[in-house]
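A.B. asks: Before I ask anything, here is the structure I am working with.
Derivation of every value follows stated rules applied to the coordinates shown; laboratory data play no part. Quick caveat, the model's predicted, so the values are computed rather than measured. As a convention, Cβ positions derive from the backbone with ideal geometry for all residues, glycine included, and neighbour counts pool all protein chains shown.
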Amino acid sequence: MWNQPQAPARLRALRLAPLAAAALLTACAPLQTRQSLQATNAITQPHTKVSLQLQRSDAQRQHAQTQIDALLAKPLSADDAVRAALLGSPALQALIAQAQADSATSTQSARLANPVFGFERLLIGGGGVEITRSLSVGLLDLLTLPTRSRINTAQQEQLRLRLASEVLRVAALARRDWVQAVAAQQTLAYDRDVVDAAQATATLAARMQQAGNFTKLDAAQQGLFAADSQLRLNRAERTATQSREALVRTLGLSAAQSARLTLPAQLSAVPQQPPPATRLPLQAALDARLDVQLARASYTATAQDAGLTRNTSLIEHVELGGVRKTSSDAAPQNGVDLSLPLPLFDLGDARRSASALRVLAARNRAVATARSAASQLREADALRRSAWLQQQLSQTQIVPLAQTVLDESQLRYNGMLIGTFQLVAAAQTQAQAVRAAIAAQRDYWLADATWQAAQLGVEAGADWRPDAPSASAAAPAAAGH
């Protein structure tokens, strides 16, 4: 016959029930994957005008591809390139999915482990049965739950900032690759025109030589100019292909979409007025950068984790449970079970030392990130203003002067005042001036993209530096033939 529990035991259970329920609700930390993506959108959407979504179904993926197809129906602008990259890039979708997986893992670490139920049934002498039931929970897990919840909050902030940084990095890469692809296409179109004119001139010179109206030297100089132009065209074609494919990879386009990709004939005009000198307080500019925010969040999370390690390094796990033992020939027995490891061999000093050093490393990384960010802001601002001046000089002085030199040389050549060599040199100088002007226009928009990325604290690919040769440097080389 089973004995009924005593009334005081029932009363104690009733008193403990609200506490147990509160602990249970606290232990069930909710998943934050959806909230994490919404928080990321709050950071990135003002800059990208695109709301990120994790495409879980074929219908969602098809809808994104339909939007990209609509963007590809016309020459792709820089802003549309950013939209296409954020809408359908499989690499970006992988980043979003991984970020949500990491968010779920962080949430799991902030939850209590499930209680453990034990059951034991023993046969005793005389045909009796002894049954033991136990229910235990991790006492140390329960005591450290508030700390682990704070660590989870800090880790979730890290994940949001890291995902936002990756999204803005993809946007910056799309804009940079778009600028380079359009500039390469623009240079290619110009070099084709140069080759057509040079080939026509070389053919005419060869015919005039056969007729005895042109010297062999003059015909050779025209032929050399045509061959050099063809060589430049071949390089321009290679550069245009590489730049276009780099853009395709950044946007994550399929082969069919890549075939439909068209770009504007030329880059947008550079603003007439120089970029204003940045006068933002340095601290405000640093606080707005995601890399600085992420370094600070990493330091906070590492410090909180170190505090948990200090408190739990000596004894990592303690289990507390209630035990009820019943037998067929005795009154029920109720009690408490406590189990904990004995710190005999591992005193936790290695874990405490490692956590303290991680905090020190995180602190120094935060300081280094802030100092590097300040330098990057100053450099990006200076490069943008320098690129504007370079472009302005090319457009307003070098190209017009080179064209004037070519026009005047043509007049003098027609009047038999100069020879073919001088005319060819003037044509080479003018062509190089136009190429340099296109490169300067490209460099300005790259510098502008780098400046925008620097303000946000994201990496826009490999470090960019203006590297286009100047027309003024090429002119003496051409004239020295």
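A.B. asks: Sequence neighbours fewer than 8 away in the same chain don't count; with that in mind, list the lysines whose C-alpha is under 24 Å from LYS216.
C.D. replies: Correct list for LYS216: empty, as no lysines qualify.
A.B. asks: Right, next: Give me the dipole magnitude in Debye, nearest 20, for the chain about the Cα centre, with unit charges on the beta carbon: positive for Lys and Arg, negative for Asp and Glu. Each step should come with its number before you reach the end.
C.D. replies: Working: 47 positive and 36 negative charges, 192 e Å.
My answer is approximately 920 debye.
A.B. asks: Report the Stokes-Einstein translational diffusion coefficient (µm² s⁻¹, integer) for the range 348-389, Rh taken as the Kirkwood radius over Cα pairs, at 25 °C with viscosity 0.890 mPa s.
C.D. replies: 194
A.B. asks: Using amide H atoms built 1.01 Å from N in the peptide plane, name the residues 5+ places from SER328, or on other chains, whose amide H lies under 5 Å from its own.
C.D. replies: For SER328, the qualifying residues are VAL129.
A.B. asks: Setting aside same-chain residues fewer than 8 positions from LYS49, which lysines have a Cα under 24 Å from its Cα?
C.D. replies: LYS74
A.B. asks: Compute and list, largest first, the equivalent-ellipsoid semi-axes of the range 235-376 from the alpha carbon gyration tensor, each √(5λ) rounded to a whole angstrom. Write out the running numbers ahead of the final one.
C.D. replies: Working: eigenvalues 741, 154, 49 Å².
Each semi-axis is the square root of five times an eigenvalue, giving 61, 28, 16 Å.
A.B. asks: Expressed in nm to one decimal, what extension gain is obtained for the pair PHE117 and GLN410 from 0.36 nm per residue of sequence separation less their Cα-Cα distance?
C.D. replies: 95.6 nm
A.B. asks: Take the alpha-carbon positions of the range 183-291, form their convex hull, and give its projected area averaged over all directions (one quarter of the hull surface) in nm².
C.D. replies: With every direction weighted equally, the projected area is 12.7 nm².
A.B. asks: Right, something else. Rg to Rh ratio, the range 298-370, alpha-carbon atoms and Kirkwood radius?
C.D. replies: A ratio of 1.35.
A.B. asks: Across 5 Å bins from the origin, how do the percents of Cα pairs in the range 295-440 run, short distances first?
C.D. replies: 2, 8, 8, 7, 6, 6, 6, 5, 5, 5, 5, 5, 4, 4, 4, 4, 3, 3, 3, 2, 2, 1, 1, 1, 0, 0, 0
A.B. asks: I'd like the projected area of the chain, averaged over all directions, using the convex hull of its alpha carbons. Report it in nm² with one decimal.
C.D. replies: The directionally averaged projection comes out at 36.8 nm².
A.B. asks: If r is the Cβ-Cβ distance from ALA206 to GLN403 and R0 is 35 Å, what FRET efficiency results, to the nearest 0.05?
C.D. replies: 0.85
A.B. asks: What angle do you read, to the nearest 10 degrees and between 0 and 90, between the alpha-carbon axis of helix 420-456 and the longest principal axis of the chain?
C.D. replies: Between helix and principal axis, roughly 20 degrees.
A.B. asks: Sticking with this one: Just for the Cα atoms in the range 39-133, what are the lengths along the principal axes, largest first, rounded to whole Å?
C.D. replies: The Cα atoms of the range 39-133 stretch 92, 27, 16 Å along their principal axes.
A.B. asks: Related question: Share of Cα-Cα pairs in the range 226-270 beyond 17 Å, in percent? Each step should come with its number before you reach the end.
C.D. replies: Numbers: 480 of 990 pairs.
More than 17 Å apart: 48 percent of the Cα pairs in the range 226-270.
A.B. asks: How far is helix 78-88 tilted off the main Cα axis of the chain, in degrees rounded to 10, range 0 to 90?
C.D. replies: Helix 78-88 sits roughly 40 degrees off the main axis of the chain.
A.B. asks: Between LEU342 and ALA356, what is the spin-label point distance in nm, taking each point 7 Å from the Cα along the Cα→C-beta axis?
C.D. replies: 2.8
A.B. asks: Based on the mean of other beta carbon atoms within 10 Å per residue, what is the order of 225-233, 352-360, 372-380, 165-173, most packed first? Write out the running numbers ahead of the final one.
C.D. replies: Values: 225-233: 18.8, 352-360: 14.9, 372-380: 16.8, 165-173: 24.2.
So the order, starting with the most tightly packed, is 165-173, 225-233, 372-380, 352-360.
A.B. asks: Right, here's the next one. Residue separation times 0.36 nm, minus the C-alpha to C-alpha distance between SER254 and LEU389: what's the value? Before the final figure, lay out each step's value.
C.D. replies: On the way: separation 135, 0.36 × 135 = 48.60 nm, distance 3.90 nm.
Result for the pair: 44.7 nm of gain on full extension.
A.B. asks: Then there is this: Over the range 195-345, what is the mean sequence separation of C-alpha contacts under 8 Å (at least six apart), divided by residue count, expressed as relative contact order in percent?
C.D. replies: On the way: 69 pairs, mean separation 17.7, N = 151.
After rounding, I find 12 percent.
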